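The values are calculated or read from the model by the stated rules, or taken from the named source; none is laboratory data. Remember, it's a predicted structure, so these values are computed and weren't measured experimentally. Methodologically, a virtual Cβ is constructed for each residue, glycine included, from the backbone with ideal geometry; neighbour enumeration extends over all protein chains shown. Protein only, heavy atoms only, side chains kept; ligands, DNA and RNA dropped before computing areas. Shrake-Rupley method; radii C 1.70, N 1.55, O 1.52, S 1.80 Å.
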Amino acid sequence: MNWDDSMPMVSIKDVHKAFGDLEVLKGVSMDIKKGEVVCIIGPSGSGKSTLIRCINALNDIQQGSILVEGQEVNDPNLDKLELRKKVGMVFQQYNLFPHKTALENVMMAPIRVLKQSKAEVEKTARALIKKVRLEGKEDSYPGELSGGQQQRVAIARSLAMNPDVMLFDEVTAALDPETVNEVLQTIKDLAEEGMTCILVTHEMNFAREVADHIYFTDRGVIVEHGSPTNFFDEAKDPRTKEFLSQIL
Ligand SMILES: Nc1ncnc2c1ncn2[C@@H]1O[C@H](COP(=O)(O)OP(=O)(O)O)[C@@H](O)[C@H]1O
Ligand SMILES: [Mg+2]
């Protein structure tokens, strides 16, 4: 199929995923267009991380389809490296290499995986460190950085592969409250530059401000989706209302 960017960048159709007898995704569908920011919100265990991992082919699926730029992810012949050049991912655990500096952490994948020249990569990596507002921290080791700073290095590391879409799975959930906002600001900067972003988050103010669409999941299904206003002010499903009443 010839994909062009008027078509969804990520198209998820009727995805089913089980771990053994445990059905975790029971027919999930969503489309994400280029430049859109989509937030996935839902109770713990509802399948949010599983879905995110399916988009990046870290989980296989039993039924349905996931297209990234028109390419089927659920295809045994998929070139996973090609997929992961297009799709960047940041997790709750940032997992930086402790014996490498911030700059070296950002430079590793393009040198090792993309075989780019060190000089070329260093220039890009320095610009990315600046973009995540960590100028001056290039030579710091992860242990010398706060959680929020380390998470921003992890974001820069992911951006170094020059992805077309970024997946963020609760990237602020493990951070001290005072460093959460700087990470959210970095994601906001990216969104404003037009990066396509799919985020699992519990940061409701952020979701309201930044999301184009919000999907609410519960027990493997999308209960409802809409604009932030639809979601926060006009939720119809009792499961959404119940969740919001607990969290807001
Ligand atoms: N690799 C796995 N093997 C078995 N069960 C899993 C695995 N990953 C997730 N699960 C289960 O799938 C369900 C959904 O998990 P998850 O996608 O992590 O939910 P969420 O991110 O919404 O909290 C949970 O019951 C979890 O225990
Ligand atoms: Mg999760």
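Listing for the model above:
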{"read-out": "Which numbered condition Gly45 misses (of (1) open to solvent by 60 Å² or more (accessible area, probe 1.4 Å); (2) away from ligand 2 (no atom under 14 Å from the Cβ); (3) over 17 Å from the mean Cα position of the chain (by Cα))", "value": "(2)"}
{"read-out": "Selection from the range 77-107 of residues that are touching a helix residue (DSSP H, G or I) at 6+ places or on another chain (Cβ under 7 Å) and open to solvent by 70 Å² or more (accessible area, probe 1.4 Å)", "value": "Phe97, Pro98"}
{"read-out": "In the range 12-56, the residues that are closer than 13 Å to Phe216 by Cβ and among the β-branched types (Val, Ile, Thr)", "value": "Val28, Val38, Ile40, Ile41"}
{"read-out": "Search result, residues across the range 32-88 that are hydrophobic (A, V, I, L, M, F, W, C) and within 11 Å of ligand 1 (Cβ to nearest atom)", "value": "Ile40, Ile41, Leu51, Ile52, Cys54, Leu58"}
{"read-out": "Failed item, numbered, when Leu167 is tested on (1) closer than 24 Å to Lys34 by Cα; (2) among the aliphatic types (A, V, I, L, M); (3) open to solvent by 10 Å² or more (accessible area, probe 1.4 Å); (4) within 16 Å of ligand 2 (Cβ to nearest atom)", "value": "(3)"}
{"read-out": "Out of Ala109, Ala127, Ala119, sole residue that is in a helix (DSSP H, G or I) and either among the polar types (S, T, N, Q) or over 25 Å from Gln185 (Cβ atoms) (or both)", "value": "Ala119"}
{"read-out": "Every pair of residues 6+ apart whose Cβ atoms lie under 7 Å, when the first sits in the range 104-129 and is acidic (Asp, Glu) while the second is open to solvent by less than 60 Å² (accessible area, probe 1.4 Å)", "value": "Glu122/Met107"}
{"read-out": "Qualifying position, being buried (at least 22 other Cβ atoms within 10 Å of the Cβ) and of a type in the set (Lys, Arg), among Lys26, Lys17", "value": "Lys17"}
{"read-out": "Enumeration of residues in the range 68-103 that are over 19 Å from the mean Cα position of the chain (by Cα), free of Cβ contacts under 8 Å to residues at least 12 places away in the same chain and under 22 Å from Thr50 (Cβ atoms)", "value": "Asp75, Pro76"}
{"read-out": "Leu175, sole failed condition from (1) without any contact (Cβ under 8 Å) to a residue 40 or more places away in the chain; (2) assigned to a helix (DSSP H, G or I); (3) closer than 30 Å to Lys80 by Cβ", "value": "(2)"}
{"read-out": "Residue list for the range 207-227, restricted to those being farther than 28 Å from Glu23 by Cβ and either surrounded by fewer than 17 Cβ atoms within 10 Å (Cβ to Cβ) or free of Cβ contacts under 8 Å to residues at least 40 places away in the same chain (or both)", "value": "Arg208, Glu209, Asp212, Ser227"}
{"read-out": "Helices (runs of 4 or more DSSP H) completely within the range 185-248 that count 1 or more residues being small (Gly, Ala, Ser)", "value": "204-210, 238-247"}
{"read-out": "Considering residues of the range 222-248 that are within 16 Å of ligand 1 (Cβ to nearest atom) and within 19 Å of the chain's Cα centre (by Cα) only, the residue farthest from Ile12 (Cα to Cα)", "value": "His225"}
